[in-house]
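A.B. asks: I am attaching a structure below and will ask some questions about it afterwards.
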Amino acid sequence: MTTVNAYAAQDAVTPLAPFNFDRRDVGPHDVQIEIMYCGVCHSDIHQVRNEWGGSIYPMVPGHEIVGRITVLGEAVKNFALGELVGVGCFVDSCRVCPSCLAHEEQYCDKGMVGTYNGRDKEGNPTYGGYSTQIVVDEKYTLHVSEDLPIEGVAPLLCAGITTYSPLRHWNIGKGHKVAIVGLGGLGHMGVKFAASFGAEVTVLSTSKSKEQDALNLGAHHFAVTSNPDTIKNLQGHFDFILSTISAQHDYNLYLGMLSLNGTMVVVGAPPQPSIVQAFSLIGKRRSLAGSLIGGIKETQEMLDYCAEHGIVSDVEVINMGEINKAYERMLKNDVRYRFVIDIASLNR
Ligand code: NAP
Ligand code: ZN
Ligand code: ZN
């Protein structure tokens, strides 16, 4: 076992603070990773503050992890010592249910083992990437290109795959009018992917100040949702809407902007429920769906796509000690467009 430095939440209301714990020994199928960068996802805030319920403390968040392999288990086949690798939102699953066999481990019948705020098969709590090192089974480890800026790759492990997967599942591309709702960590990746797949992309935002950024990220149009004219002019307009909103809002407002047979996919996970009017759906045979991250195979496909097309996240690198301030800024929609922790700052 190795003792590692980390930051943890001890409960739902106290700021994150320094914490030490032991990582498990490297098993035959494991790799040990020296973490270099870890992205900050809004799901970290939801779970630290127990907004979804069931949080396990102490909690070391972080599921957008990139680093280098420092120890290889004796049976590891697909990775090399010193290799640059990534770890996303889960580190294990049952491996035998229909979802696992279909490479969609995120929908495992037994429940995936979260990278943090979960329990491994021995019942031990899992600790995430706000830490100097992690030990992961090679089956749940991703290859990362040496050709991209590493700090910009980290957010691909959650924000990237969470937006890539539904856009692929619903075959979004040329000829589709797509809206990305909410320009934060997920939203800005959604814009990059949808534009890269050839769709006509509109950002729907509450923040007028993000207009130029949206266009720079690849969006073709930008609209502020607080303006009632925006909503009126865009009625029935979009084939596909990807909603990344992290807080309570009215789904009907966005459903009304779908065209005949249009689909809205919810990836944002506000803790509060929302009332959906039947008439928001039935008048134009609309669909409302959800999507959860992506499987290991598709995450690798997404990382390879990003390497090929030069796609990374736009990041603001912070030191570990700035994490509580970063949370406050995210809650004010003041993130451009992903905070990424320089994990070396944990050793300074
Ligand atoms: P984020 O960086 O904080 O961005 C969220 C954005 O939503 C904000 O920047 C803001 O954009 C918009 N927003 C916030 N409050 C709003 C409100 N009341 N009404 C309308 N828009 C609002 O968060 P994130 O890391 O992208 O995560 C977004 C959500 O996705 C979180 O709930 C997270 O837990 C969830 N998530 C889900 C999955 C999945 O697998 N389904 C994976 C990762 C994250 P504007 O300033 O443009 O309005
Ligand atoms: Zn996440
Ligand atoms: Zn399974």
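The values are calculated or read from the model by the stated rules, or taken from the named source; none is laboratory data. Treat the numbers as computed from the prediction; the structure is a model and nothing was measured. Because the Cβ atoms are built from the backbone with ideal geometry, glycine has one as well, and the counts that use them run over all protein chains shown.
Yes/no matrix, rows are residues, columns are (1) free of Cβ contacts under 8 Å to residues at least 60 places away in the same chain; (2) away from ligand 3 (no atom under 14 Å from the Cβ):
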| position | (1), (2) |
| --- | --- |
| 74 | yes, yes |
| 85 | yes, yes |
| 106 | no, no |
| 110 | yes, no |
| 115 | yes, yes |
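Every residue, every condition in (1) in the same structural domain as residue 106 (by TED's automatic domain parsing); (2) polar (S, T, N, Q), yes or no:
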position: 233; (1), (2): no, yes
position: 252; (1), (2): no, yes
position: 257; (1), (2): no, no
position: 284; (1), (2): no, no
position: 305; (1), (2): yes, no
position: 315; (1), (2): yes, no
position: 321; (1), (2): yes, no
position: 331; (1), (2): yes, no
position: 336; (1), (2): yes, no
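A.B. asks: Here's another thing I want to ask about it. Picking from 177, 192, which residue would you name as being closer than 27 Å to residue 261 by Cα, surrounded by 24 or more Cβ atoms within 10 Å (Cβ to Cβ) and either among the charged types (D, E, K, R) or at pLDDT below 95 (or both)?
C.D. replies: Testing whether each residue is closer than 27 Å to residue 261 by Cα, surrounded by 24 or more Cβ atoms within 10 Å (Cβ to Cβ) and either among the charged types (D, E, K, R) or at pLDDT below 95 (or both) leaves just 192.
A.B. asks: Scanning for something over 28 Å from residue 334 (Cβ atoms) and out of contact with any Pro (no Cβ under 9 Å at 6 or more places or on another chain), does segment 218-231 turn up at least one residue?
C.D. replies: No; the residues of segment 218-231 include none that is over 28 Å from residue 334 (Cβ atoms) and out of contact with any Pro (no Cβ under 9 Å at 6 or more places or on another chain).
A.B. asks: With the requirement that a residue be of a type outside the set (D, E, K, R), away from ligand 2 (no atom under 16 Å from the Cβ) and not in a helix (DSSP H, G or I), what does segment 315-336 give you?
C.D. replies: Once the filter is applied, which keeps residues that are of a type outside the set (D, E, K, R), away from ligand 2 (no atom under 16 Å from the Cβ) and not in a helix (DSSP H, G or I), segment 315-336 yields 317, 318, 319, 333.
A.B. asks: Something else: Name the residues in segment 54-85 that are within 15 Å of ligand 1 (Cβ to nearest atom) and of a type outside the set (A, V, I, L, M, F, W, C), would you?
C.D. replies: 54, 55, 61, 62, 63, 64
A.B. asks: Moving on to the next point. Filter segment 127-161 down to the residues that are within 11 Å of ligand 2 (Cβ to nearest atom) and part of a loop (DSSP other than H, G, I, E, B), then identify the one that is nearest to residue 88 (Cα to Cα).
C.D. replies: For segment 127-161, the residue satisfying everything is 158.
A.B. asks: Take the conditions part of a loop (DSSP other than H, G, I, E, B), among the charged types (D, E, K, R) and either touching a residue at least 40 places away in the same chain (Cβ under 8 Å) or farther than 20 Å from residue 341 by Cβ (or both) and apply them to residue 51. Does it pass?
C.D. replies: Here the answer is yes, as residue 51 does meet what is asked.
A.B. asks: Filtering segment 3-53 down to residues that are more than 12 Å from residue 131 (Cα to Cα) and hydroxyl-bearing (Ser, Thr, Tyr), which residue is surrounded by the fewest Cβ atoms within 10 Å (Cβ to Cβ)?
C.D. replies: Among them, the one singled out is 14.
A.B. asks: Against the conditions (1) away from ligand 3 (no atom under 16 Å from the Cβ); (2) farther than 19 Å from residue 174 by Cα; (3) not hydroxyl-bearing (Ser, Thr, Tyr), where does residue 258 fall short? Just the number, please.
C.D. replies: (2)
A.B. asks: Residue 314 is checked against (1) more than 28 Å from residue 105 (Cβ to Cβ); (2) surrounded by 14 or more Cβ atoms within 10 Å (Cβ to Cβ); (3) out of contact with any Lys or Arg (no Cβ under 9 Å at 6 or more places or on another chain) and fails just one. What number does that condition carry?
C.D. replies: Exception for residue 314: condition (3).
A.B. asks: Report the residue count in segment 1-25 for those that are assigned to a strand (DSSP E or B), at pLDDT 95 or above and β-branched (Val, Ile, Thr).
C.D. replies: Residues that pass the stated criteria total 1.
A.B. asks: Can you name every residue in segment 82-106 that is of a type in the set (S, T, N, Q) and either surrounded by 21 or more Cβ atoms within 10 Å (Cβ to Cβ) or closer than 19 Å to residue 144 by Cβ (or both)?
C.D. replies: Of everything in segment 82-106, those that are of a type in the set (S, T, N, Q) and either surrounded by 21 or more Cβ atoms within 10 Å (Cβ to Cβ) or closer than 19 Å to residue 144 by Cβ (or both) turn out to be 93, 106.
A.B. asks: Please go through segment 267-288 and give me each residue that is under 20 Å from the mean Cα position of the chain (by Cα) and loosely packed, with under 13 Cβ neighbours inside 10 Å, ordered by number.
C.D. replies: The one that is under 20 Å from the mean Cα position of the chain (by Cα) and loosely packed, with under 13 Cβ neighbours inside 10 Å: 272.
A.B. asks: Go through segment 207-314 and tell me which helices (runs of 4 or more DSSP H), entirely inside it, have 1 or more residues that are of a type in the set (Lys, Arg).
C.D. replies: 228-233, 296-309
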